[in-house]
1. Of the conditions (1) away from chain A (no Cβ under 14 Å); (2) touching a residue at least 24 places away in the same chain (Cβ under 8 Å); (3) in contact with a helix residue (DSSP H, G or I) (Cβ under 7 Å, 6 or more places away or on another chain), residue B:200 fails just one. Which one is it?
2. Which one of these does residue B:229 not meet: (1) under 29 Å from the mean Cα position of the chain (by Cα); (2) touching a residue at least 60 places away in the same chain (Cβ under 8 Å); (3) part of a helix (DSSP H, G or I)?
3. Within the range B:261-298, track down each residue that is part of a helix (DSSP H, G or I) and hydroxyl-bearing (Ser, Thr, Tyr).
4. Let me spell it out: the conditions are (1) at pLDDT 85 or above; (2) touching a helix residue (DSSP H, G or I) at 6+ places or on another chain (Cβ under 7 Å), and residue B:53 meets all of them except one. Which number is the exception?
5. So, in the range B:279-323, exactly how many residues are within 14 Å of chain A (Cβ to nearest Cβ), free of Cβ contacts under 8 Å to residues at least 24 places away in the same chain and within 24 Å of residue B:260 (Cβ to Cβ)?
6. Keeping to the range B:113-125, report how many residues are closer than 18 Å to residue A:11 by Cα, more than 7 Å from every other protein chain (Cβ to nearest Cβ) and assigned to a loop (DSSP other than H, G, I, E, B).
7. Output the number of residues of the range A:100-144 satisfying the condition of being within 22 Å of residue A:81 (Cβ to Cβ) and polar (S, T, N, Q).
8. Within the set of pairs 6+ apart or on separate chains, which have a first residue in the range A:8-20 that is over 14 Å from residue B:89 (Cα atoms) and more than 9 Å from every other protein chain (Cβ to nearest Cβ), a second that is in a helix (DSSP H, G or I) and modelled with pLDDT under 90, and C-beta atoms under 7 Å apart?
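The values are calculated or read from the model by the stated rules, or taken from the named source; none is laboratory data. Quick caveat, the model's predicted, so the values are computed rather than measured. Heads up, the Cβs are rebuilt from the backbone with ideal geometry, glycines too, and the neighbour counts pull from every protein chain shown.
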Amino acid sequence: MKVPEQIKRLAVVLFVILAAVLLTRYLIPASVVDPRVYRASSAQREVSKEIKFAGATTCSDCHDDINTKKKVGFHKGLSCETCHGPSVKHAEDPSSGKPFAPRERKFCPQCHEYNPSRPTGFPQIIPTIHNPLKPCITCHNPHDPVPPQVPRECSACHAQIERTKALSRHALLECTTCHSTPTRHKQLPRSVKPTKPESREFCAKCHDTGASRKDAPKVDAATHGSRFLCWECHYPHMPGEA
Amino acid sequence: MVYPYLTGLVAGAFILASLVKVFNVEEVRPTYRLSLLTALAFLLIAPLPLQLHLGHPLRSYEIFLTPNPTSAMAMFGFVYLWYLMGVLVLELWFEYRRDLIVWSREERFPMSLVHRALSLFSTDTSDAAVAFDRKAIQVITVIGIPSAFLLHGYVGFIFGSVKANPWWGSVLMPIVFLMSAIVSGIALVMFLYMVLTPLRGEPIDMRCLDKLASYLFYAVIVDFSLEALDFIHRLYQSEESIHILGTLIASKLFMSLLVIQIFLGMLLPVGIMIAVRLFSVTAELRKLFYFTAIILIQLGIFATRWNVVIGGQLFSKSFRGLTTYKMEVVGIEGLITALVLLALPFGVLLVLLKVFPPWRRAAA
């Protein structure tokens, strides 16, 4: 039987392709395709890059006080430069300038903003309702980031107030700033009650236009809602929204 | 994401081409060569997105030479090579061989040499040789259909076999991918046919177009049913992932899945095509309707790929919540690269159309 012309021509093409494949397989020396040839330069390239991080241990050489505090706190797993940024220049010459220190509110939520895929128990907040407008470092020391606590003696019974206040602008005020509590309140909580502020002047100490405290919202205590006590309109454990 | 979309177009275009040869559907003959060339143009570009992802272009040919029977990913090289060299190029060669010889005799220097070389310097135009070509095409097409199924079924297989991802891991995945591939391929060839034919100043063959549209119609129906089946099956199974998938569909994928893929990409075009069938519409209006439908379908299939590829990475693997996808604009896998990759096959097709004009048939 006569072999059709097409088959012959295709056979030639197939032969050429096969020969090319075999040539590349067996004739090109192995050293040329050796991965080490590819990677030799990449190791050098990495090594020659500028060093930017001082490394976690370098910082504690000088800042031992902070390190002592940090290594027992919740942030013990973080290296200093996680928050303070690459600081090799500062480590080599401390007078050359201070490392970056995050003081803005948007920094901490990078890790602590609520996200359902974060592990259970990881402290998470919703930035729009958690103490709005205040920088995180007002209440939390990043080197030992435990928030201010309501005394256990109060929170044991008043847990709901504790949780409300913890998120409010009054988070940093202690219970005793506004309430004085007789010792017998603990034995007879219903008949012996703590005091509540009973005059408008009490709130005005911080909130009057003439008051010295700078970060509190100001009103003119003489004219603002004059017939009422402050807490008849403003709930002191969660005063005002942003 | 561009990659499954492109291979889908390839498989679809080839399956359309094989209708002519295997099932002798005479009506769609005008699109036979066009769909083969379309398949080739898109097939040539299809591995580029992978190449951009992997890097090391100098070692890329290793994909085709290094067998790894336990890796589904590594099988790509063989599926692709088989489909490109064993099926598509061979079929094109047999189809064009006689025309190439005849053209090269009529033409002047540069093109005559190109055509002669492409015919592998073949000279035999006798009836017996042409009959052998036809026979060969028949055989190749019969082998080609399962190969096309393999090529795109394989892409679905890769997604479907990811057990850990409930949005992907489904036995139906290869079949759903395949059907949507057929849908997009037919729509693409229809689009090209409807654009290229008037550009050459020739009338559109309405018999051909109607037939294509009816195939497209059935393919969309089957595709839609399969996807609905998959969806209902998931709902009925109600595995632990169902809540997060429900949230995913209702929030992050609402636009691309419910609005674009299902409403704009399936229900609306099917509605249009049903309307065309119910009311006797004039040819001009029919063209307009078909054109609208195929653009919508193309958009819908693109959204399908988006929903599978991006959607599968939008929820946490512990089902606790959703993640975010931020698209790069520049960058090697960014928006601009993706747009260039989507435009490239049309450039390749333009060259192929110059070298192998599908409408030019050599006189006997």
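1. All conditions pass for residue B:200, except number (3).
2. (2)
3. If the condition is that a residue be part of a helix (DSSP H, G or I) and hydroxyl-bearing (Ser, Thr, Tyr), then B:290, B:292 are the ones that fit.
4. The single condition residue B:53 does not satisfy is (2).
5. Residues meeting the conditions: 2.
6. Keep residues of the range B:113-125 that are closer than 18 Å to residue A:11 by Cα, which gives B:116-124.
Add one more test, that the residue is more than 7 Å from every other protein chain (Cβ to nearest Cβ), and what stays is B:116-119, B:121, B:123.
Filter once more, keeping what is assigned to a loop (DSSP other than H, G, I, E, B): B:119, B:121, B:123.
Result for the range B:113-125: 3.
7. Number satisfying all stated conditions: 2.
8. Pairs that qualify, where the first residue is over 14 Å from residue B:89 (Cα atoms) and more than 9 Å from every other protein chain (Cβ to nearest Cβ) and the partner is in a helix (DSSP H, G or I) and modelled with pLDDT under 90: there are none.
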